[in-house]
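As structure tokens, the structure follows; a few thoughts come after it.
The values are calculated or read from the model by the stated rules, or taken from the named source; none is laboratory data. Quick caveat: nothing in here was measured; it's all calculated off a predicted structure. Cβ placement follows ideal geometry from the backbone for every residue including glycine, while neighbour counts extend to all protein chains displayed. Note: areas computed on protein heavy atoms with side chains; ligands, DNA, RNA excluded. Shrake-Rupley method; radii C 1.70, N 1.55, O 1.52, S 1.80 Å.
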Amino acid sequence: MSTEALQYQRLTYLFMCTDPVHVGTGGYRLGRVDNSIAREPGTKVPKIPGTSLHGAARSYAASLYEKPSCAGQGQPEENRPGHCGDKGCPICYTFGYTRNNSEQEAYSGVVNVYDAHLLLFPVHSMVGPVWITTCSRFQVFGFTINNLPEPFEPDIVFPTFNYTERVLNLGWLVLRAGNKIETESCDDVFGLNADNQWQQLQSRIVLVPETLFSHLVNTNLEVRTSVAIDPERGAAEDKALFTYEALPRTAILAADVVVDDYRKAENERPFPVKATYKNSALLGKHQWNNPFDVLDSGLCLIEWLGVGGMGTRGFGRLSIWGTPKEISFGEEVVS
């Protein structure tokens with residue numbers, strides 16, 4: 001009998017939008033707005049693609065770890081050598097690299113960043129702001145719902161606060177209001193029970209039917225209108241008006257990150273590395289001990305520098321909320 005540790009590990013991050021977030025689809029469309037945001041194909045619920053989180057995290061981590069040439073796609077350009085490909089490079093090891101040399105050397109990254117899905121969405125109501133979600137979205141990330149009646153009727157909503165009226169409006173839509181329900185996080189997996197912000201938000205949640213969630217979200221997105229400025233006149237340019245939508249501030253999203261440290265299995269893993277960085281004060285706890293440290297350092301900088309488009313217009317910042325929920329796959333393999 002022998003034991004061997006597996007290299008697979010998963011973290012679930014909660015993100016709160018501290019600004020409106022616009023991750024566009026890459027073009028214009030005919031409809032309510034010109035520039036739409038990314039959505040889940042089946043439900044049309046907005047999301048933040050994993051590619052956006054991965055790209056931003058790599059770019060920001062490369063700056064922190066003093067490896068700016070290892071950000072991006074790695075193609076050599078003027079005054080930029082491209083990915084270094086060194087085994088001791090935290091960016092190339094964690095996110096992968098390509099080197100356009102005679103051997104066409106390339107390695108895949110060891111972190112898989114998945115889409116951030118909407119968990120709680122802010123909507124105005126007659127009792128002030130509330131955050132809507134569905135039973136399935138809430139429970140899949142480890143939260144429990146107590147005293148929920150069965151069956152769940154399609155035109156009734158359930159608040160987590162005392163509400164004596166028979167109806168409750170969620171934006172433009174008025175629905176029947178059910179009895180108060182109670183929610184909690186399983187074993188405090190996200191470290192939220194001691195968070196004052198979570199305590200306040202937890203008492204403002206409204207559980208809505210699955211069939212209405214997409215409609216309520218899409219009709220309550222933030223929509224802004226802008227216009228291009230004529231540089232010669234300093235005034236609005238003719239026929240240059242455009243609109244764009246965004247996830248509103250205080251929306252809560254959840255994203256999975258999986259480490260598949262296959263290079264560790266090949267005894268190529270260089271961790272830990274004793275190195276001194278000029279940005280040590282910024283790195284703090286993110287000294288290079290494992291791939292999660294490198295990824296987490298980049299994700300934390302999204303709170304400062306943002307993700308997606310319209311960053312210079314006050315869009316894009318996300319903050320990591322609570323403590324990432326860690327799940328290990330196969331702590332030991334017995335053979």
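Exactly one residue out of Arg137, Arg99 is of a type in the set (Lys, Arg), open to solvent by 20 Å² or more (accessible area, probe 1.4 Å) and at pLDDT 90 or above, and it is Arg137.
For segment 16-33, what are the residues that are of a type in the set (D, E, K, R) and either modelled with pLDDT under 70 or part of a strand (DSSP E or B) (or both)?
Hits for segment 16-33 are Arg29, Arg32.
When Pro129, Pro151, Pro159 are checked against the criterion of being within 14 Å of Leu207 (Cβ to Cβ) and either touching a Pro at 6+ places or on another chain (Cβ under 9 Å) or modelled with pLDDT under 85 (or both), Pro151 stands alone in meeting it. Among the residues of segment 204-242, those that are of a type outside the set (D, E, K, R) and open to solvent by 50 Å² or more (accessible area, probe 1.4 Å) comprise Thr211, His215, Thr219, Val223, Thr225, Val227, Ile229, Pro231, Gly234, Ala236, Leu241.
Could you please find all residues in segment 153-173 being open to solvent by 60 Å² or more (accessible area, probe 1.4 Å) and either in a loop (DSSP other than H, G, I, E, B) or of a type in the set (D, E, K, R) (or both)? Those that are open to solvent by 60 Å² or more (accessible area, probe 1.4 Å) and either in a loop (DSSP other than H, G, I, E, B) or of a type in the set (D, E, K, R) (or both): Glu153, Pro154, Asp155, Asn162, Thr164, Glu165, Arg166, Trp172. Do we have any residue at all in segment 119-130 that's outside any strand (DSSP E or B) and touching a strand residue (DSSP E or B) at 6+ places or on another chain (Cβ under 6 Å)? Within segment 119-130, one or more residues are outside any strand (DSSP E or B) and touching a strand residue (DSSP E or B) at 6+ places or on another chain (Cβ under 6 Å).
Within segment 63-90, residues that are under 22 Å from Ser52 (Cβ atoms) and hydroxyl-bearing (Ser, Thr, Tyr) have Cβ atoms under 8 Å from residues that are surrounded by fewer than 17 Cβ atoms within 10 Å (Cβ to Cβ) and modelled with pLDDT of 75 or more in these pairs: Ser69/Cys84, counting only partners at least 6 apart in sequence or on another chain.
Where strands (runs of 3 or more DSSP E) fall wholly inside segment 178-255, the ranges with 1 or more residues that are closer than 27 Å to Arg39 by Cα, touching a Cys at 6+ places or on another chain (Cβ under 7 Å) and modelled with pLDDT of 80 or more are 205-207. Selection over segment 174-203 of residues that are open to solvent by less than 20 Å² (accessible area, probe 1.4 Å) and within 21 Å of Thr18 (Cα to Cα) gives a count of 4.
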